[in-house]
Amino acid sequence: MIAWLRQHRDAVALALRRLTGAPLNTLLSLLAIGVALALPAGGQMLFANAQSALRGLAATPQISLFMAVDAERKSALDVEARLRRMDGVANAKLVTREETLTRMKAGQGVGEVLDALPKNPFPDAFVITPRDERPEAMERLAAELRKLPRVEHVQLDSAWVQRLDALLRLGRTAVVLLALLLGVGLVAITFNSIRLQVLTSRAEIEVSRLLGATDAFIRRPFYWFGTLQGLLGGATAWLIVLGATAWLRGPIGELASLYRLDFALAPLAAGDAVMLLALSAALGWAGAALSLRGTLAGDSA
Amino acid sequence: MIRFDRVSKRYPPGIDALADISFEAATGELLAIGGHSGAGKSTLLKLIAAIERPTGGAVLVNGQNIGSLARGAIPWLRRNIGLVFQDQKLLFDRSIFDNVMLPLAIAGFPPKEAARRVRAALDKVGLLPREKAMPIALSGGEQQRLAIARAVVGRPGLLLADEPTAHLDADTARDVAAIFREFHQVGVTVIVATYDDRLFPDARKIRLDHGRIVATGAEAAA
C-alpha cells in the first residue's frame, strides 16, 4: 500500500515536471480549456443570478386592479368592501388617484406634463395580494375581480416573471448543452496533449518496460497529467469567471439602480466552483484514458 | 536455471533467426554466446527476457515457460533479470543517479534504501563521483558502465548483456568485461552475447552461426 502511494506521488511529480517542462504549451492548453469552460461556467453564474433576482421579484405575486377613470370614490370604496369579503384575497390596498398623481409628479420627471392636463388622468386602483399564489388560482381570482362593478382592468403582475422564468430555464438548458459540447472539446485537448506526451516519451516507456514496469506504472503519470491539466484548466475557467464578475459588478449594479432594483452580481457559488473543478479534472482523466487506449494499446514489449 | 529445448524463432516473412537451439545454463554460470553479426545472439537473449516469444520449442527460466507466460507476468520476470543493451538505452534527460534509480522506482523500493543501492551500484562501476551529471557527459565506456550499474542495482540473479563491449576500445572493453566477471564471482548468472568471446576466457562458450549452435565448450573457444 505504501509502495503504491509512493508510486502515485512519483507519478504526480513526473506529471508536474512534464507540465512545467513545456511552459508555453501548457499555458496555451490551459487557456484553451479555461476559455472553453468559462463560457458554460459564466452562463451558469449569470442564470443563477437572474433566477435569484427573479425569485426576489416573484416572492409576493400581486394583482393590480384599476377602476374606471370616471368611477367615483364611492365605487372604489364599495369594491374595497367586496374585496375584504372575498376568500381568495389576502390583502387589498387602495391606491387613490390622488396618491398616484402625487407619486408620478415626484418620481418620473413628468410633473409639467401632468400639470398641463385639465384633470387627473389616473384611476383609483388596488394592489391585491392573493391568498393562493399558484398561477391557476390567480387566474381564477383575476376573472372574479373583472366582474366587480366599475372595474376597468385587472393585471397579473407575476405573469411576466413567469415568462422570464421560463426563458431562463430555456437558457439554462442551452448552457448545459454548451457545457456538454465544450466538455468534449476539453477531452479532445487532453487526448492530443497525452498523445504528444506519449510520443515524446517513447524511449522512456520502452526502457521502463524492459526494466519490468507494468502497464499501470507506465500509464499512471499520463493519467495524472490529464487530470492535473483538466483541474488547472478548470481553475483557469474559475479565475476568468471571477475576473469577469468583478468587472461586470459595477455596470450591472448601476443598471439595477436605474430600475430601482436591489441587486448585486454574485460570483460563482462555492458548490458550482467545486463542481467545475471536479468535472474538469474528470474530463481530463477521461481524455487521458481515451488517448492511452489508442497510443499504448499496441505496446507489448 | 535456463533451459532452451529445441527452440526456434522465425520472423515474418519466414526468416529463421534461431533454429532448433538446445542448451542449459546453470545458476551462477558465466556463459558467452559468440558468433558474427546476424548469428542470432541478440534474439537468444531477447527470448530469455521475454522481449520476444519463441515460435517453436520451449524457453524455461527458473522453471517458467516464457512461451506461455501471461503478458501481465512479464514485468515481474524482468525485474529479476539485469539487462545490458548494446545501445545502452539510457535516458539522456535524467541524471546518472536517476537512470540507475529507475528500476528501483519501478519495483517500488523505499527512497532511502533505493538511494543507498544506487550509490553502491555506481560505486561498483566507478561512477559515484559523477552521480549528478547527465549521461551525455560520459564517454562510451562510461555509458556502458552506467548501463551495467542500472542492470545490477536491483541485485538480479541473472544478468544478460548484449554486445556490451561493442564500439569500445580494447582497454575499455577489458575493463567492462572484468566487471561482468566480478558479478559472476559473487554468484550472479551472467550470459553475454559478444562478437569477441576472448574477452571472457573463463566463460563457458557457445558459438552460433545463422541461428544454429555450431560449437560449444572448448570447441567454441578454439
>> How would A:Leu114, B:Leu102 line up from fewest to most surrounding beta-carbon atoms within 10 angstrom?
In response: A:Leu114, B:Leu102
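May I ask you to derive the relative contact order of the range B:91-155, considering only C-alpha pairs under 8 Å and at least 6 residues apart, and to give it as an integer percent?
On the way: 66 pairs, mean separation 32.6, N = 65.
About 50 percent, as a whole number.
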> Looking only at B:Ala49, B:Ala70, B:Ala170, which one moves most when chain B is put into a Gaussian network model with springs between Cα atoms under 10 Å?
Replying inline: B:Ala70
>> What is the angle, in °, between the Cα long axis of helix A:270-295 and the longest principal axis of the Cα atoms in chain A? Nearest 10 is fine, range 0 to 90.
In response: 40
> About the Cα centre of chain B, what is the dipole size in debye to 20, counting +1 per Lys and Arg Cβ and -1 per Asp and Glu Cβ, all else neutral?
Replying inline: 700
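Grab the beta carbon distance between A:Leu117 and A:Phe47, set R0 = 60 Å, and tell me the FRET efficiency rounded to 0.05.
Numbers: r = 43 Å, r/R0 = 0.72.
Computed FRET efficiency for A:Leu117 and A:Phe47: 0.85.
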>> Pairs on different chains or at least eight residues apart, Cα atoms closer than 30 Å: how many lysine pairs in the protein assembly as shown fit?
In response: 27
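Which of rounded, prolate or oblate describes the protein assembly as shown when judged by the alpha-carbon gyration tensor and an a/c cut-off of 1.5?
Working: a/c = 5.34, a/b = 3.89, b/c = 1.37.
Prolate, since a/c reaches 1.5 and a/b exceeds b/c.
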> In peptide B:78-88, how many Cβ atoms from other protein chains are near each Cβ within 10 Å, on average?
Replying inline: 2
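What does the net charge come to around A:Lys105 if you take all other residues with beta carbon closer than 12 Å to its beta carbon, with K and R at +1 and D and E at -1?
Numbers: positive: A:Arg103; negative: A:Glu98, A:Glu99, A:Glu112, A:Asp115.
That sum, taken over residues with Cβ under 12 Å, equals -3.
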> Which whole number gives the average count of other chain Cβ atoms within 10 Å of the Cβ atoms across peptide A:202-208?
Replying inline: 4
> In degrees, nearest 10, range 0 to 90: what is the angle between the Cα axis of helix B:96-107 and the longest Cα principal axis of chain B?
Replying inline: 60
> Label 7 Å along Cα→Cβ of B:Phe23; the range B:172-193 residues with amide nitrogen under 12 Å?
Replying inline: B:191-193
>> Quick check: the angle from helix A:159-200's long axis to the longest principal axis of chain A, C-alpha only, nearest 10 degrees?
In response: 10
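Helix-only mean residue ellipticity at 222 nm, chain A, DSSP H runs n ≥ 4 weighted -39,500 (n - 2.57), per residue, nearest 500. What is it? Provide the component values of the computation, followed by the final result.
Numbers: 10 runs with 218 residues, N = 301.
That comes out to -25000 deg cm²/dmol.
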>> Taking a ≥ b ≥ c as the square roots of the Cα gyration tensor eigenvalues, with a/c under 1.5 meaning rounded and otherwise prolate when a/b beats b/c, else oblate, which class fits the range A:42-151?
In response: oblate
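Using C-alpha positions alone, give me the convex hull volume of chain A per residue in cubic angstrom.
Normalising the Cα hull of chain A by residue number yields 174 Å³.
Pairs of alpha-carbon atoms within less than 8 angstrom and 6+ residues apart define the contacts here; what relative contact order does the range A:63-157 have, in percent?
Value for the range A:63-157: 50 percent.
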> In the Gaussian network model of chain A, springs joining C-alpha atoms below 10 Å, which of A:Glu99, A:Glu139, A:Glu254 carries the largest mean-square fluctuation?
Replying inline: A:Glu99
> Taking the Cα centre of each part, how many Å lie between the range B:174-195 and the range A:97-139?
Replying inline: 104
> If you build a Gaussian network model of chain B, linking Cα atoms that sit under 10 Å apart, which residue out of B:Val61, B:Val118, B:Val190 swings the most?
Replying inline: B:Val61
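Where a number appears in this text, it was derived from the coordinates with a stated rule and is not lab data. All figures in this text were calculated on a predicted structure; none of them were measured in a lab. Here the Cβ is made from the backbone with ideal geometry for all residues, glycine too, and neighbour counts use every protein chain on show.
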